[in-house]
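Visitor: Let me give you the structure first, and then I'll get to my questions.
The values are calculated or read from the model by the stated rules, or taken from the named source; none is laboratory data. None of the values given here were measured: they were computed from a predicted structure. Neighbour counts are summed over all protein chains in view; Cβ atoms, including those assigned to glycine, are modelled from backbone coordinates with ideal geometry.
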């Protein structure tokens, strides 16, 4: 076999072989091990936006516990607040472990476009995430009491959970096992709670009318 | 053909070949030199670009202040910095959001303990500058935006133990500071809320 003049020297040939081998194995390693999710990844977007989404659910749950003495509603609110606050902590820790900032550079919900999800009702200034209550709705909840507050809480929390379900569905496409597991757990829990809350509304003789400004 | 003529031909041929080799060497030297100069130039330009980009977003100018006091108090607190970057604070935290009137230091410091960044601006900041701040604050949780009387720079960013003074709102370090310090590693109580406290933000 005749090499071009430059490669005739054995040293050069060895060097070229070594460089090519290193480059190929580096490429192979990159393909095999993807590393932690990046700043603009679906995982990071989910961890950031779901923290904010959950935080509002915790806020509403704590408000209703101050506004009613009904045992059933207070128990549900206790359950939502403790579960979702714990999940906020998990998602906070993921970002910390991935070496990513908690605050995003991207606008809200940009990560969901990666999941090919169409988000109806997105883009309102306060309700940027699906199902988020507006500031006015939160104020109404803070000022209501008794059965009126319970009904309002249920009517706000149902679309909030529906929004959470949509976000969780989008995150199920993640290749990170812990993200996928959390998304499935949120999906199952919130779907079940939506049914529970519908029953609670019916028991109060109230319709599940969508609050006007909810996304 | 005579012996003499043959010799001349051979000499001329080898002279021609030598000349060709020299030309080839020259060409190679020129090609290599040009390649080295071009590659070097590209490397220098890329490094300069990256460094200039980094310098624009660099957080080197951020002051780091060691804060040890974090007790709850109903009394007024005298803070060494204006706006403060942590310390003793009111039991109730300021709800994060956008405010049109100055806030009480003691409440906002409690929000800083929970991971908030206080974006304080000089009253009378030009509208286009204020719009930039509003846009940054609207899409983010854990930001308190408010005017602050007697501010030492047009815009001052303060989180627990960190402060950065800016001459302009369109300084790219604004985003960099927010990203680094909203619920950043210096947050004493990560996971604590920035709602459910006091104050009614306008947005």
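Visitor: So how many residues does the stretch B:159-171 have that are outside any strand (DSSP E or B) and touching a residue at least 40 places away in the same chain (Cβ under 8 Å)?
Guide: So the answer is 4.
Visitor: Just one of A:132, A:157, A:182, A:200 is under 21 Å from residue A:95 (Cα atoms), touching a helix residue (DSSP H, G or I) at 6+ places or on another chain (Cβ under 8 Å) and in contact (Cβ under 8 Å) with a residue 24 or more places away in the chain; which is it? Walk me through it before giving the result.
Guide: Numbers: A:132 fails: under 21 Å from residue A:95 (Cα atoms); A:157 fails: under 21 Å from residue A:95 (Cα atoms); A:200 fails: under 21 Å from residue A:95 (Cα atoms).
Result of the check over A:132, A:157, A:182, A:200: A:182.
Visitor: Anything in the stretch B:114-134 that is at pLDDT 95 or above and crowded, with 20+ Cβ neighbours inside 10 Å? List them, or say none.
Guide: Within the stretch B:114-134, B:114, B:115, B:116, B:117, B:118, B:119, B:120, B:121 meet the criteria.
Visitor: Report yes if residue B:101 is outside any helix (DSSP H, G or I), in contact (Cβ under 8 Å) with a residue 40 or more places away in the chain and surrounded by fewer than 13 Cβ atoms within 10 Å (Cβ to Cβ), otherwise no.
Guide: yes
Every residue, every condition in (1) in a loop (DSSP other than H, G, I, E, B); (2) touching a residue at least 24 places away in the same chain (Cβ under 8 Å), yes or no:
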residue: B:75; (1), (2): yes, no
residue: B:78; (1), (2): yes, no
residue: B:81; (1), (2): yes, yes
residue: B:84; (1), (2): yes, yes
residue: B:91; (1), (2): yes, no
residue: B:110; (1), (2): no, yes
residue: B:115; (1), (2): yes, yes
residue: B:119; (1), (2): no, yes
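Visitor: Name every residue in the stretch B:80-93 that is surrounded by 17 or more Cβ atoms within 10 Å (Cβ to Cβ) and out of contact with any strand residue (DSSP E or B) (no Cβ under 6 Å at 6 or more places or on another chain), in order of residue number.
Guide: Narrowing the stretch B:80-93 to residues surrounded by 17 or more Cβ atoms within 10 Å (Cβ to Cβ): B:83-90, B:92-93.
Correct list: B:84, B:86, B:87, B:88, B:89, B:90, B:93.
Visitor: With the structure loaded, tell me whether residue A:69 is in a loop (DSSP other than H, G, I, E, B), closer than 30 Å to residue A:202 by Cβ and modelled with pLDDT of 95 or more or whether it fails that test. Let's see the steps before the verdict.
Guide: Numbers: in a loop (DSSP other than H, G, I, E, B): yes; closer than 30 Å to residue A:202 by Cβ: yes; modelled with pLDDT of 95 or more: yes.
Spelling it out, residue A:69 is indeed in a loop (DSSP other than H, G, I, E, B), closer than 30 Å to residue A:202 by Cβ and modelled with pLDDT of 95 or more.
Visitor: Shifting gears a bit: Looking only at residues that are touching a residue at least 40 places away in the same chain (Cβ under 8 Å) and within 11 Å of chain A (Cβ to nearest Cβ) in the stretch B:135-150, which one is farthest from residue B:93 (Cα to Cα)?
Guide: Per the stated criteria, the residue is B:136.
Visitor: Taking the criterion of being surrounded by 12 or more Cβ atoms within 10 Å (Cβ to Cβ) and either assigned to a helix (DSSP H, G or I) or without any contact (Cβ under 8 Å) to a residue 24 or more places away in the chain (or both), would at least one residue in the stretch A:16-27 satisfy it?
Guide: Yes, the conditions are met somewhere in the stretch A:16-27.
Visitor: Next question, about the same structure. Going through A:156, A:105, A:152 one at a time, which residue ends up being farther than 18 Å from residue A:171 by Cα, surrounded by fewer than 20 Cβ atoms within 10 Å (Cβ to Cβ) and either modelled with pLDDT under 95 or more than 14 Å from every other protein chain (Cβ to nearest Cβ) (or both)?
Guide: Working: A:156 fails: surrounded by fewer than 20 Cβ atoms within 10 Å (Cβ to Cβ); A:152 fails: surrounded by fewer than 20 Cβ atoms within 10 Å (Cβ to Cβ).
Exactly one of A:156, A:105, A:152 is farther than 18 Å from residue A:171 by Cα, surrounded by fewer than 20 Cβ atoms within 10 Å (Cβ to Cβ) and either modelled with pLDDT under 95 or more than 14 Å from every other protein chain (Cβ to nearest Cβ) (or both), namely A:105.
Visitor: In addition: Has the stretch B:56-65 got at least one residue that is assigned to a helix (DSSP H, G or I) and out of contact with any strand residue (DSSP E or B) (no Cβ under 9 Å at 6 or more places or on another chain)?
Guide: Residues of the stretch B:56-65 that are assigned to a helix (DSSP H, G or I), as a first pass: B:56-57.
Now drop any that are not out of contact with any strand residue (DSSP E or B) (no Cβ under 9 Å at 6 or more places or on another chain), which leaves B:56-57.
Within the stretch B:56-65, one or more residues are assigned to a helix (DSSP H, G or I) and out of contact with any strand residue (DSSP E or B) (no Cβ under 9 Å at 6 or more places or on another chain).
Visitor: Which residue is modelled with the lowest pLDDT, if the candidates are limited to the stretch B:178-191 and must be facing chain A (nearest Cβ under 10 Å) and either farther than 17 Å from residue A:51 by Cβ or part of a loop (DSSP other than H, G, I, E, B) (or both)?
Guide: So the residue we want is B:191.
Visitor: What tally of residues in the stretch B:172-189 results from selecting those that are surrounded by 18 or more Cβ atoms within 10 Å (Cβ to Cβ) and either within 18 Å of residue B:146 (Cα to Cα) or in contact (Cβ under 8 Å) with a residue 40 or more places away in the chain (or both)?
Guide: The number of residues fulfilling the criteria is 11.
Visitor: Here is a follow-up. Test residue B:94 against the criterion of being in contact with a helix residue (DSSP H, G or I) (Cβ under 7 Å, 6 or more places away or on another chain) and at pLDDT 95 or above, and give yes or no.
Guide: yes
Visitor: Within the stretch B:192-203, can you find the residues that are within 7 Å of another protein chain (Cβ to nearest Cβ) and exposed (fewer than 14 other Cβ atoms within 10 Å of the Cβ)? Step through it out loud before you land on a result.
Guide: Of all residues in the stretch B:192-203, those within 7 Å of another protein chain (Cβ to nearest Cβ) come to B:193, B:195-196.
Answer for the stretch B:192-203, where residues must be within 7 Å of another protein chain (Cβ to nearest Cβ) and exposed (fewer than 14 other Cβ atoms within 10 Å of the Cβ): there is none.
Visitor: Name the single residue that is farthest from residue B:193 (Cα to Cα) among those in the stretch A:68-100 being within 12 Å of chain B (Cβ to nearest Cβ) and touching a residue at least 60 places away in the same chain (Cβ under 8 Å).
Guide: This residue is A:99.
Visitor: Which of the residues belonging to the stretch A:28-67 are away from chain B (no Cβ under 14 Å) and buried (at least 21 other Cβ atoms within 10 Å of the Cβ)?
Guide: Residues satisfying the conditions are A:37, A:42, A:43, A:46.
Visitor: While we're here: Go through A:100, A:76, A:42 for me and flag whichever is within 28 Å of residue A:156 (Cβ to Cβ), modelled with pLDDT of 90 or more and within 16 Å of the chain's Cα centre (by Cα).
Guide: So the residue among A:100, A:76, A:42 that is within 28 Å of residue A:156 (Cβ to Cβ), modelled with pLDDT of 90 or more and within 16 Å of the chain's Cα centre (by Cα) is A:42.
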